[in-house]
Amino acid sequence: MFLAAAKVGGILANSTYPADFLRDNVAIQNNVIDAAFRHGAAKLQFLGSSCIYPKLAPQPLKEEYLLTGPLEPTNEWYAIAKIAGIKLCEAYRQQHEFNAISLMPTNLYGPGDNFDLQTSHVLPALIRKFHEAKESGANEVTLWGTGTPKREFLHVDDLASAAVFLMEKYNDQQFLNVGVGDDVTIAQLAKLVAAVVGYEGKMVFDPSKPDGTPRKLMDVSRLHGLGWKHKIELDAGLRSTYAWFLANQKN
């Protein structure tokens with residue numbers, strides 16, 4: 001069984017609905033993990049998030065850095081829920097010998113993403129912003145923060161590949177990071193997205209808005225050691241994601 005269900009969103013959504021993010025995600029995890037055990041599931045895979053790590057943890061983020069410092073305030077409610085999910089899997093393994101494993105993916109993107117500016121993550125939000133600016137002929141686009149934080153991005157197809165690989169090959173208690181092992185600044189990402197969309201106007205960063213964690217680069221050496229590595233590079237992934245966005249616009 002794959003447990004990928006969650007209430008997710010970017011900085012704005014996390015800051016606006018902290019109770020919803022904590023309550024809903026804990027409820028999802030508790031009910032599904034317990035039901036999987038009680039109904040005899042042979043194995044469960046729980047998907048968490050890179051936001052479980054302390055805000056100022058050393059980079060790249062190793063699995064052993066969990067619970068070694070304060071969390072990033074803009075998403076701590078979601079992070080706490082995901083940490084609880086990891087620990088619940090460990091507890092069911094220890095008490096009931098239930099084969100529950102946990103994966104911590106980095107930032108995800110790809111076809112089917114949420115492109116709503118109020119609730120989306122940074123990459124789909126940038127696609128939407130630059131696309132609308134191009135369509136309207138806007139001379140500039142205002143982006144949140146300073147543009148200096150660094151983020152790592154994994155295509156959803158690569159995550160699916162890793163999830164299946166680990167479901168078939170991995171049975172240990174230690175959760176595993178899933179990522180590409182490389183990152184870009186938000187300013188660099190914005191330039192990449194603007195180029196893919198074809199927007200040629202000015203980008204203006206608003207430093208009065210929060211940046212979030214300065215950097216969240218995953219150490220994926222354990223995963224690579226098991227024999228899995230991502231295949232989709234960021235530029236190609238951005239192009240396929242924008243093509244999907246264009247083909248599936250609702251407005």
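The values are calculated or read from the model by the stated rules, or taken from the named source; none is laboratory data. These numbers come from a predicted model, not from an experiment. In this analysis, Cβ positions are derived from the backbone assuming ideal geometry, glycine residues included, and neighbour counts consider all displayed protein chains.
Tabulated data
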item: Filtered residue count, the range 72-105, keeping only those that are farther than 28 Å from SER161 by Cα and touching a Phe, Trp or Tyr at 6+ places or on another chain (Cβ under 8 Å); result: 2
item: Residue that is of a type in the set (Lys, Arg), closer than 20 Å to PRO60 by Cα and in contact with a Phe, Trp or Tyr (Cβ under 8 Å, 6 or more places away or on another chain), where the choices are LYS209, LYS216, LYS150, LYS134; result: LYS216
item: Only listed residue being in contact with a Ser or Thr (Cβ under 8 Å, 6 or more places away or on another chain) and modelled with pLDDT of 95 or more, chosen from MET104, MET1; result: MET104
item: Residue count, the range 167-193 (criterion: buried (at least 20 other Cβ atoms within 10 Å of the Cβ) and in a helix (DSSP H, G or I)); result: 4
item: Any chance PRO70 is within 18 Å of the chain's Cα centre (by Cα) and assigned to a loop (DSSP other than H, G, I, E, B); result: no
item: Residue list for the range 36-60, restricted to those being hydrophobic (A, V, I, L, M, F, W, C), in contact (Cβ under 8 Å) with a residue 24 or more places away in the chain and over 23 Å from HIS96 (Cα atoms); result: CYS51, ILE52, LEU56
item: Residue that is nearest to ALA160 (Cα to Cα) [pool: residues in the range 230-240 that are part of a helix (DSSP H, G or I) and in contact with a strand residue (DSSP E or B) (Cβ under 9 Å, 6 or more places away or on another chain)]; result: GLY237
item: For GLY145: the one exception among (1) in contact (Cβ under 8 Å) with a residue 60 or more places away in the chain; (2) on the phi < 0 side of the Ramachandran plot; (3) buried (at least 17 other Cβ atoms within 10 Å of the Cβ); (4) not β-branched (Val, Ile, Thr); result: (2)
item: Among residues of the range 194-229, those that are touching an Asp or Glu at 6+ places or on another chain (Cβ under 7 Å), part of a loop (DSSP other than H, G, I, E, B) and closer than 30 Å to TYR65 by Cα, counted; result: 4
item: Test: residue in the range 30-51 that is in a helix (DSSP H, G or I), at pLDDT 95 or above and either under 25 Å from ASP182 (Cα atoms) or under 18 Å from the mean Cα position of the chain (by Cα) (or both); result: no
item: Members of the range 26-35 found to be in contact (Cβ under 8 Å) with a residue 40 or more places away in the chain and crowded, with 17+ Cβ neighbours inside 10 Å, listed by number; result: VAL26, GLN29, ILE33
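Conditions tested, residue by residue: (1) in a loop (DSSP other than H, G, I, E, B); (2) out of contact with any Leu (no Cβ under 7 Å at 6 or more places or on another chain).
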| position | (1), (2) |
| --- | --- |
| LYS55 | yes, no |
| PRO58 | yes, yes |
| ALA91 | no, yes |
| ILE101 | no, no |
| PRO111 | yes, yes |
